[in-house]
1. Quick one: in the range 210-235, which of the residues that are closer than 19 Å to His196 by Cα and hydroxyl-bearing (Ser, Thr, Tyr) is surrounded by the most Cβ atoms within 10 Å (Cβ to Cβ)?
2. Tell me, which residue of the range 189-231 that is of a type in the set (S, T, N, Q) and modelled with pLDDT of 95 or more is farthest from Ala163 (Cα to Cα)?
3. Take the residues of the range 7-41 that are assigned to a strand (DSSP E or B) and within 19 Å of Arg114 (Cβ to Cβ): which is least open to solvent (accessible area, probe 1.4 Å)?
4. Can you report the number of residues in the range 172-216 which are of a type in the set (Asp, Glu) and within 26 Å of Val126 (Cα to Cα)?
5. Thr51 is checked against (1) closer than 25 Å to Ile184 by Cα; (2) crowded, with 16+ Cβ neighbours inside 10 Å; (3) among the hydroxyl-bearing types (Ser, Thr, Tyr) and fails just one. What number does that condition carry?
6. Could you please let me know if Glu55 is acidic (Asp, Glu), in a loop (DSSP other than H, G, I, E, B) and farther than 21 Å from Gly156 by Cα?
7. In the list Ala106, Ala134, Ala60, which residue meets the criterion of being in contact with a Lys or Arg (Cβ under 9 Å, 6 or more places away or on another chain) and crowded, with 16+ Cβ neighbours inside 10 Å?
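The values are calculated or read from the model by the stated rules, or taken from the named source; none is laboratory data. As the structure is a prediction and not an experimental result, all values here were calculated from the model. Here the Cβ positions follow ideal geometry from the backbone for every residue, glycine too, while neighbour counts run over all protein chains shown. Just so you know, the surface numbers come from the protein's heavy atoms only, side chains and all, with ligands and any DNA or RNA stripped out. Shrake-Rupley method; radii C 1.70, N 1.55, O 1.52, S 1.80 Å.
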Amino acid sequence: MGKVGFVSLGCPKALVDSEQILSRLKALGYETSPTYEEAELVVVNTCGFITPAVEESLEAIGEALRENGKVVVTGCLGARPEVIKARHPEVLEVTGPGEVDRVLEAVQRVLPPRRDPFLDLVPPQVKLTPRHYAYLKIAEGCNHRCSFCIIPQLRGGLRSRDAGEVLAEAARLAATGTRELLLIAQDTSAYGVDLHHRESFWKDRLVRAHLVDLLSAMAELGVWIRLHYVYPYPHVQDLLPLMAEGKLLPYLDVPFQHASPRILKAMRRPGGGGKPPEDPRGLAEGDPPSGGAELLHRRLPRGDGEGLPPPSGLPKGGPAGLGGGFHLLRSGGGGGQRPARPCP
């Protein structure tokens with residue numbers, strides 16, 4: 001069988017893409033190799049979100065070329081092939097995020113598969129996480145056009161999966177020993193908006209492509225369900241009863257960008273007037289109160305030389321059980337703008 005090496009970089013959403021590619025490759029009869037020496041070809045799944053991620057991806061491509069020589073590139077940085085080709089013109093193929101079929105075509109063109117009819121009977125599902133948990137992607141892309149973010153340029157607009165398809169994958173994972181499902185998307189709360197919340201069949205009934213309906217049905221599988229990348233739309237409060245009933249873990253990973261309407265408007269986030277949707281008071285007052293992480297931008301990424309005070313709209317001792325922060329960095333070519341001076 002042909003042996004393919006694989007390098008996976010970036011966020012959990014990219015990790016799910018890697019799992020899908022590896023699953024399809026295994027179904028075609030390919031083996032994965034843990035070393036460059038044993039591999040007959042290497043696939044590098046890249047990240048292109050911020051400049052350090054771009055550099056890490058370019059270095060990983062260069063290492064694969066030096067150690068192996070045959071490299072197919074995919075992932076977010078693949079949405080900017082000119083950047084990759086400028087540094088590494090010898091790569092065999094460059095594909096964008098989620099372009100699984102193009103990756104498979106490139107691999108098969110260089111390394112034709114030796115098919116095994118028995119493998120074709122049951123296409124496997126490759127997981128890159130420990131057995132007890134798995135990331136489950138429910139949507140791709142984002143419809144927001146925030147001034148500091150490049151994600152829509154890399155992954156496009158919101159594209160939700162039908163509820164029946166998501167639930168079928170969740171059931172397969174649960175049946176193979178997964179005890180915790182971590183639901184992810186660029187904008188998890190917006191799930192189903194692009195589908196107009198249409199219904200699809202799961203088992204013997206129809207389920208709407210709406211976050212509350214999806215989670216209510218998924219809870220029947222008897223696994224822990226944890227939500228990531230939850231934008232605080234008003235309907236997110238409808239999840240609190242599910243938490244109270246034990247159907248959903250009392251955890252929300254929420255990116256609170258700011259509480260100032262002026263700053264939110266400059267960021268091109270909703271909430272430029274009146275009570276901003278970034279306000280977490282409703283989540284804090286829920287029963288049970290939802291703990292989790294919050295990411296808070298304390299300075300407008302574009303920067304105007306004017307230091308911004310701490311966001312006064314967020315209540316002290318709010319809902320966050322864990323707060324996270326990070327240095328503001330220029331995005332890897334678009335989206336966010338260069339600050340006028342370095343931000344603390």
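1. If we take residues in the range 210-235 being closer than 19 Å to His196 by Cα and hydroxyl-bearing (Ser, Thr, Tyr), then Tyr231 is surrounded by the most Cβ atoms within 10 Å (Cβ to Cβ).
2. Restricting attention to the range 189-231, the residues satisfying the condition of being of a type in the set (S, T, N, Q) are 189, 200, 216.
Imposing the further condition that a residue be modelled with pLDDT of 95 or more reduces the set to 200, 216.
Details: Ser200: 6, Ser216: 11 Å.
Among those residues, the one meeting the criterion is Ser216.
3. Here is the first cut: in the range 7-41, the residues assigned to a strand (DSSP E or B) are 7-8, 31-33, 41.
So of that shortlist, the ones also within 19 Å of Arg114 (Cβ to Cβ) come out as 31-33, 41.
Details: Glu31: 78, Thr32: 92, Ser33: 15, Leu41: 0 Å².
This residue is Leu41.
4. Here is the first cut: in the range 172-216, the residues of a type in the set (Asp, Glu) are 180, 187, 194, 199, 204, 213.
Narrowing the set further to residues that are within 26 Å of Val126 (Cα to Cα) leaves 180, 187.
The qualifying residues number 2.
5. If we test Thr51 against (1) closer than 25 Å to Ile184 by Cα; (2) crowded, with 16+ Cβ neighbours inside 10 Å; (3) among the hydroxyl-bearing types (Ser, Thr, Tyr), just (2) comes out false.
6. Working: acidic (Asp, Glu): yes; in a loop (DSSP other than H, G, I, E, B): no; farther than 21 Å from Gly156 by Cα: yes.
No.
7. Values: Ala106 fails: in contact with a Lys or Arg (Cβ under 9 Å, 6 or more places away or on another chain); Ala60 fails: in contact with a Lys or Arg (Cβ under 9 Å, 6 or more places away or on another chain).
Exactly one residue qualifies, and that residue is Ala134.
Conditions (1) among the basic types (Lys, Arg); (2) assigned to a helix (DSSP H, G or I); (3) out of contact with any Leu (no Cβ under 9 Å at 6 or more places or on another chain); (4) over 16 Å from Leu158 (Cβ atoms), marked per residue:
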position	(1), (2), (3), (4)
Leu173	no, yes, no, yes
Gly177	no, no, yes, yes
Leu182	no, no, no, yes
Ser189	no, yes, no, no
Gly192	no, no, no, no
Leu206	no, no, yes, yes
Asp213	no, yes, yes, yes
Arg226	yes, no, no, yes
Gly246	no, no, yes, yes
